[in-house]
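Visitor: Okay, here's the structure, questions in a sec.
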Amino acid sequence: MKTTPVTPADLASSVLAVPPLARNADLSLNKEANRALIRHLQDGGVSTLMYGGNANFYNIGVGEYAAILDMLAELAAANTWVIPSVGPDFGKMMDQVAVLKARSFPTAMVLPQTFPSTPAGAEAGLKRFADAYGKQIIVYVKAEGYLNPQNVENLVKAGVVCGIKYAIVRKDPQQDAFLTELLQRVDRKVIISGIGERPAIVHLRDFGLSAFTSGSVCVGPRGSMALLAALKRKDYATAEKIRAAYIALEDCRDGLSPIRVLHEAVSLAGIADMGPMLPLLSNLEAEHHARVGQAARELLAHDRALSTKAA
């Protein structure tokens, strides 16, 4: 597992996969299923694993936190970078500091809490957490009203930020006043497009971001990495063709539930059995399995075809 401090080059070196977390029927951690998913991602060229919303870190208890981190550190390859999350509430993130400090993860992402919070309070809370942690953190901007661009700039100027995951969904990603202002205040090299393949082309081509996160990469890692490579060389026609393979699964995620659909898609594609979701979330209803399963299996088949062509 990568343990060296985070640089902009690290952020741009791989698609940042945001995987689900596998559990057994009794909600205990399913180590072998998590191993299978991580190997699938690594075999597809992915070297950054970010465990946050899709892994339901919002609902894990502090008592389980150390066991999860130790498992992820053990399962990751030597050159794989694992980013755990903390929070989202202030008390929980501060309780998690001691667990993190006792381990060698180079950073952590703070999950956003939009209620009850204020932008000034969120800024103060993230600063206190980073100071207690003693390492730079990744800020996750997911909704208006959580942190304003000025708050994010303040945190960057305080020296406590190594990355910013930007994930405010827009009907038209080209029209984004928040991101435009953020780029006027913060170096674009530390801002990550955080909403998967759908807005990735606009975010990297039009806004100059250098990396993107993805959930669907857990099904199709090679294609997602090929999309990143095409965007880096400014081959946007190829990028559009590659992204097309992801839209069916992304449509399922956007129309039903990004987290729950991804959790089920990994299982239905036959990559690994993710098992039950930790409450307060619940597994996707069976009536949607046929559609999600078809989209996931088609994406996986497309990804395996890419591997065959490369060989």
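Nothing in this text is a laboratory measurement; each read-out follows from the coordinates by a stated rule. If you're wondering where the values come from, they're calculated on a predicted model, not measured in any experiment. Note that we place each Cβ from the backbone using ideal geometry, even for glycine, and neighbour counts take in every protein chain shown.
Visitor: Over 28 Å between C-alpha atoms is what I'm after, so list which of LYS127/LYS232; LYS127/LYS189; LYS101/LYS234; LYS101/LYS171; LYS101/LYS165 land there.
Guide: With Cα atoms farther than 28 Å apart: LYS127/LYS232; LYS101/LYS234; LYS101/LYS171.
Visitor: Quick one: of the DSSP bridges fully inside the chain, what percent are antiparallel, nearest 5?
Guide: Looking only at bridges with both residues in the chain, the antiparallel portion is about 5 percent.
Visitor: Can you list the aspartates and glutamates whose alpha carbon sits under 16 Å from that of LYS241, skipping same-chain ones fewer than 8 residues off?
Guide: In chain and number order, the partners are GLU197, GLU250, GLU298, ASP303.
Visitor: If you take the alpha carbon radius of gyration of the range 8-240 and divide it by 2.2 N^0.38 Å, what ratio comes out, to two decimals?
Guide: For the range 8-240, the normalised Cα radius of gyration is 0.97.
Visitor: Rg (Å, one decimal) plus Dmax (Å, integer) for the alpha carbons of the range 1-62?
Guide: Spelled out, the Cα radius of gyration and Dmax of the range 1-62 are 13.2, 40 Å.
Visitor: Would you please name the trypsin sites (Lys or Arg not before Pro) within the range 145-233 that are DSSP coil residues with at most 15 other C-beta atoms within 10 Å of their C-beta?
Guide: Answer in residue order: ARG170, LYS171, ARG233.
Visitor: Using the beta-carbon distance between ASP235 and LYS309 and R0 = 25 Å, what value does 1/(1 + (r/R0)^6) give for FRET efficiency, to the nearest 0.05?
Guide: Here the calculated transfer efficiency is 0.95.
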